[in-house]
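What follows is one structure encoded as structure tokens, with my remarks underneath.
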Amino acid sequence: MSNIIVNPKNYTGHELETIFFRPLLSGPSAESLGIRILYNMPMPTVVQMWDHSNNVLKPFDEGSSWSGGTRSTHYQKTIPLSRVKAENAFSASDYFSTIFELITNRADVNMEDLSGTELEAAETELFRRAIAESIRMNLWLGDKGGALETGYTSFDGLLKLVDKRVGDGSFHYSSNILTGYLEDYEICEVLDLIINNASPRLKGLYNEGQVAFFVSPHIYALYESYLNSAFGAASYVDTQNGRKALMYRGFQLVEINLEPAISSSKLSHDFIIFTDRSNLVMAVNTADSPGSEVRMWYNPDEMENRQRAVFAIGCEVLDDELVCAFIDKAKE
């Protein structure tokens, strides 16, 4: 075990992508975010969007000249990327026990023949998990200016963007007084209100199956309580086995648990964001960002193992017309 503590490791270039970030931004870690992820698109990251013509069919005998009508409307949105670093440190004793636990929990490990590759994989997985959770929290709670007191200041997150645009009236349908609706209506009535007031363009995406509610734990719990009370006998199996996902009228409720950080911040801690999953975008770049790397080494002066990752990241709401949002007013 001592070799893994002392020998430094540095991932750059192709190794940085294939060994570290590609597994981080795919599979369960990416699916749990529930949104669109762009990796290593050229910087600045620009998303191209086309709004096609509604009626392209013309009578064949209308004439021999071109009758295709107007061109498709072209939109584009630049996702602002911020250069960030993730750092972690363990004392030698804590590091040994943590890495050793990761290895011993695997059924396929021969404890009498621990190779350097297995130890390196365990150390990489440990750091990857820490970065994945930090990315998730920054994605929603990020506040680069720090005025919202979220504790996450690497880049502006989705809740800050949504909070501002709800206040500006930028979305097709929104309200910044969610509490009043929850007091006066059943949770299903609130969800119905959002679905029925969606823009025609968002309604046109319903059949694709990617439109979802992104909700706070309180909203999620209210809907679950409604299911338990309204369908007592039918919910018997669910009560025993739990529910893997909650659906309302075919739309999934994605629970965004940001506790305890959001409760101590000035951001609204109750929210409902109804949109297409591809409309919420996170971009990560390790190819065009100068100095991008993952480094792990042992510091003998402090007797601790250190880990550092440098990369660029940012997020954006692409199309305001595809969003319905209810939030509580941000705390002053």
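For this structure, a couple of remarks:
- Were the residues from ARG295 through ARG129 laid out at 0.36 nm apart, the gain over their Cα-Cα distance would be 58.2 nm.
- Zone of LYS85's modelled label, taken as backbone nitrogen in the stretch 141-156 under 11 Å from a point 7 Å along Cα→Cβ: none
- Other residues with beta-carbon under 13 Å from the beta-carbon of PRO44 carry, at +1 per Lys or Arg and -1 per Asp or Glu, a net charge of 0.
- Global size of the stretch 191-325 as Cα Rg and Dmax, reported in angstrom: 20.6, 64
- Considering only beta bridges that DSSP places wholly inside the stretch 178-332, some 85 percent are antiparallel.
- Per residue accessible area of the stretch 182-329, 1.4 Å probe, in Å²: 44
- Overall Cα dimensions of the stretch 120-228, principal axis frame, Å, largest first: 52, 34, 30
- Label zone at SER26, where the point sits 7 Å out along the Cα-to-Cβ direction: the stretch 268-297 residues whose backbone N lies under 18 Å: 282-287
- Backbone N under 11 Å from the THR179 label point (7 Å along Cα→Cβ), restricted to the stretch 255-277: 269-270
- Peptides 135-146, 219-230 ordered by packing proxy, namely the average of other Cβ atoms within 10 Å per residue, highest first: 135-146, 219-230.
The values are calculated or read from the model by the stated rules, or taken from the named source; none is laboratory data. As the structure is a prediction and not an experimental result, all values here were calculated from the model. Positions of Cβ are backbone-derived with ideal geometry, glycine not excepted, and every protein chain shown enters the neighbour counts. We work out accessible area using only protein heavy atoms, side chains counted, and drop any ligands, DNA or RNA first. Shrake-Rupley method; radii C 1.70, N 1.55, O 1.52, S 1.80 Å.
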